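The values are calculated or read from the model by the stated rules, or taken from the named source; none is laboratory data. No experiment lies behind these values; they were computed from the predicted model shown. In this analysis, Cβ positions are derived from the backbone assuming ideal geometry, glycine residues included, and neighbour counts consider all displayed protein chains.
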Amino acid sequence: MGLSFSGILDIAISLIFLYLLISLVCTSLCESIATLLKLRSRSLSVGVAKILENPELIDRFYANGLVKGAISASQWKSAPVEGVPTKYGHSSYMDSRSFSMALLASLNPDKPVPGVADIEESLKSANLPSAIKDVLSAALTTGVKDMTALRDEVASWFDSAMDRLSGEYKRQLKWISFGVGLFIAILLNVDSVDVATRLWKDQALRQQLASAAETYVNGKQVSCPVGGGQKSGTTPAKKDAASTPPKQDSGSQTPAASDAESGGTKPEDVGNQVVSELNCQLRTMNDALSAARPFPIGWTTTTPVDGDKDTSRNFPAILHDMPLMFSKIVGWLFTAVALSLGAPFWFDTLSKFMNVRGAGKKPEKVQVN
């Protein structure tokens, strides 16, 4: 049986709506895993070690009060950090200005408050990492004659290095997202092939789900601040919480990161904020799963009645039907790939499809002066 354009559009909207809802669950779980494994702090620790290279310079850098205080504040439940922190005891964020000031103060242990002449003298040291030597030499060669400008040059270089580190971190999260997405797809039996087939056959269902998607988009659904990456009250399209980079630029850190690590907020307040964000994530997951109930997903273990050919959600029957099992695996893998794209992608896509379904946005009125 053929379908009209509107019918095909409703199927697409319904599938996108499903991916959005399950992606919200996937995002929350990925963020929890990243927090549990301390991926941000581990990534930042490795990145800083690669930049500094020299063990003696690393020791002096982490002994600097700017760095030591920030890391100790971020680990407020533990004893103050002594020496170089472990990958798991490192802070998750580092301000580029603090990094540059601590680095310049660590180049020469005899000159904790260096001037430009002292920095030039430090460049003659054979133990200075080549990357840092190149950055400082380039800055001095281009006419930098004061410490403020030199500090800004180093901070800018650190930002560029952290941008590359963020890309590496996001690639890690992509694989985690795919694994979590596959787990959720199997756990909830979110089989894209089966869902699409049912929507194709059931006009009432696809219209119901398309209408629910429209209500969802128009209702300005919100997501929670995850890992300090989002503000409350923003749509999931604004930022993929699970892909928050290990480091944020100066001035753009979240209150939990910047205030806590600089000592501007009481540790108890940070703890309360973490609990509040966790509760909001649990509510988001519950709301998303509730909204997904009309979809033909989930499992059943009841024995099929004679004549009932619908065994796509019957776990015992699937185990004894190889063609069906193969179809389920394909459907789950497709769902996992879709979920790895993240809730922001699907929210934007759903909004665009809803505009097409509603004949597009109304043209803006021309203002006549």
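Here are the numbers for the structure shown:
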item: Count - residues of the range 308-342 that are within 26 Å of Val25 (Cα to Cα) and basic (Lys, Arg); result: 2
item: Counted residues, the range 2-38 - those being under 17 Å from Tyr169 (Cα atoms) and not hydroxyl-bearing (Ser, Thr, Tyr); result: 8
item: Residue ranges of helices (runs of 4 or more DSSP H) in the range 15-104 with at least 3 members surrounded by fewer than 20 Cβ atoms within 10 Å (Cβ to Cβ) and modelled with pLDDT under 85; result: 65-74
item: Contacts under 6 angstrom Cβ, first residue in the range 86-98 being aliphatic (A, V, I, L, M), partner surrounded by 23 or more Cβ atoms within 10 Å (Cβ to Cβ) and outside any helix (DSSP H, G or I), 6 or more apart; result: Met94/Lys247
item: Pairs with Cβ under 6 Å, 6+ apart, first in the range 28-47 and touching a residue at least 12 places away in the same chain (Cβ under 8 Å), second among the charged types (D, E, K, R) and surrounded by fewer than 23 Cβ atoms within 10 Å (Cβ to Cβ); result: Arg42/Lys87; Ser45/Lys87
item: Selection from the range 105-147 of residues that are closer than 21 Å to Val84 by Cβ, in contact (Cβ under 8 Å) with a residue 40 or more places away in the chain and surrounded by 13 or more Cβ atoms within 10 Å (Cβ to Cβ); result: Ala105, Ser106, Leu107, Leu128, Pro129, Ala131, Ile132
item: Verdict on Asp202 being buried (at least 18 other Cβ atoms within 10 Å of the Cβ) and farther than 16 Å from Leu21 by Cβ; result: no
